[in-house]
Structure formats: C-alpha cells, structure tokens
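The structure appears below as structure tokens.
Since every read-out is calculated from the coordinates, none of them should be taken as a lab result. Not measured: the values here are computed from a predicted model. Counting neighbours? That spans all protein chains shown, and the Cβs are built from the backbone with ideal geometry, glycine included.
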Amino acid sequence: MSNPTLLIPVEFAEPELYPMDDMHLAGLRGFDIVLSGYWGVPEGLSPETVRDDHETEAEATLYEIAAQFSRAGARTDVQLQFGAAGVAEREYHNRMIADTDADGVLLADHLQSVHNILVPLRDSRHQAEIIDLVSAFDADSLFILELYHVTPDDAAADAATEMLRDVEDTLLARGFSEADLEVTVEVADDPDAALATTARDHHMVVLGETEQPEASDQLFGPICTYVAEESRTPIITVQE
C-alpha cells in the first residue's frame, strides 16, 4: 500500500514554515510530502522577472525544509511557482492537489512537533478517508491521538461517543494501542469556539473538509480557516 500524499503550501517571499528539529517530524515519516511553493508577485511586476531574481533563493529554502522531512524518514518533492497573489495562488494549489492526488493538505506557519494530534469528527462524512490518513502517522512517535466531537445538544452525546468508539476500534485494528488513543465528547454552546480552544492544546489537527471556501482567495472552508486562525495550530484537511 502506498503512503498517503500530504501537500504543504509554502508562501513566499517570506515563508513562515521552518521545522524546528528532525526528531519532531518522525511522526510524518509514513507520508509522501509535497512542498508546494508559491511566490506571489505584486501587481505591475512580471512573474518572469521575479523568478529570474528569486528562483535560486526560493528553491534553496524549499530544499532546506524538504531535507528536514527527508531526514525524519518522509519522502519529499518540491514544486515552485511564480504568479499573481490571491485567487491565482489558490487555483495553483488546487491544481497541485489534483495533480499529486493529495490525500491531505497541511496548513501551517510553524511545525515543531508531531506528538499530540486532535481528530475532530462531526459525523460519518470523510470518516474512511480520515481513518486512512491518520493511520499513516507513526504510532511509535505519538503521545496521544484524540478522537473528538463537540455538540451543543446533550442528547447527542451518547451517539457521538458510539461513533468515536467505532473509529477507535478501527485504529486499534490498524496497529495503534489503547494508550495511543483518547475519546472525548464535549457539550458546548459554541462548537466552533470549543474546537478552536481544544486545538490549542495539540500539535496538529486533522479535519475533513466539508464546506467550500467563503472567499475566492481562500484554500479552505470557514470552519478550518476559523480554527487555524484562532488556535494557530497546524491543520491537515483531508481530501475526498
């Protein structure tokens, strides 16, 4: 079985993604990593001119990041595009998602550790894809993988717990131990805010994308964008 492909957008001219240490990335060794670099060219400038001036430095940065993933055990690939900022950048990354058949897209402005992962599950949508993706995390590198559901309705808690327990059983059958997994059902008036608060206590969040972006220059839907902005925690959106 081939490794899942994880696409990571890297924004230039000042990329924020700098993995801190190789050992912290070992949890991602079961993925094929594609670094999708994009240099947003200001209006009035030629992409060809900017490429001539900055391609060497941009490639050096991408290969430096790629080397850290490679040393942690993940296979890596690097892509770089120069083009207009905004909508064109989103369209490019969407093409890369399709061209690489990416299983997930990682949104991160920092990535220092992959030991504590939050997996929110709203319902059965994308459940199979989410299970396949989280199964690729290196279990020996994890401290905890928390299966999480938040609802404003007390009456829905039992059904949510049963859903998460079914997912837990599947992950146990795939090699995770009971010590690796945790099941949490929370009742909160504002589920999105509760999710963002919980995400702050984790190194990474794995979400199924169920909504389209609200703005033409956004890559992710509103819930993913909200949680990313409020928690500042790296997020993987699982593709269909």
Determine the relative contact order of segment 116-238: mean sequence separation of Cα pairs under 8 Å and six or more apart, normalised by residue count, in whole percent. 31 percent
Could you work out the relative contact order of the chain? I mean the mean sequence separation of Cα pairs under 8 Å and 6+ apart, divided by the number of residues, in percent. 23 percent
Between Gly175, Ala128, Val150, whose Cα lies farthest towards the positive end of the dipole of the chain when Lys and Arg beta carbons carry +1 and Asp and Glu beta carbons carry -1, centred on the Cα centre? Gly175
Expected sort for Tyr63, Tyr92, Tyr38 with the fewest Cβ neighbours (10 Å cutoff) up front is Tyr63, Tyr92, Tyr38
Label-point separation, Ala155 to Glu59 (7 Å along Cα→Cβ), nm: 6.2 nm
If you restrict to DSSP beta bridges whose two residues both lie in the chain, what percentage is antiparallel, to the nearest 5? 10 percent
Simple label model, 7 Å out from Cα along Cβ direction - His110 to Ala179, nm: 2.9 nm
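Using the crude model of +1 on Lys and Arg Cβ and -1 on Asp and Glu Cβ, and no other charge, please compute the dipole size for segment 5-107 relative to its Cα centre, in debye to 20.
400 debye
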The chain - charge dipole about Cα centre, Lys and Arg +1 at Cβ, Asp and Glu -1, debye rounded to 20: 520 debye
Report ³J(HN,Hα) in whole Hz for each residue of segment 199-205, in order, from the Karplus equation J = 6.51 cos²θ - 1.76 cosθ + 1.60 where θ = phi - 60°; Gly and Pro get x. 4, 4, 8, 10, 7, 7, 10
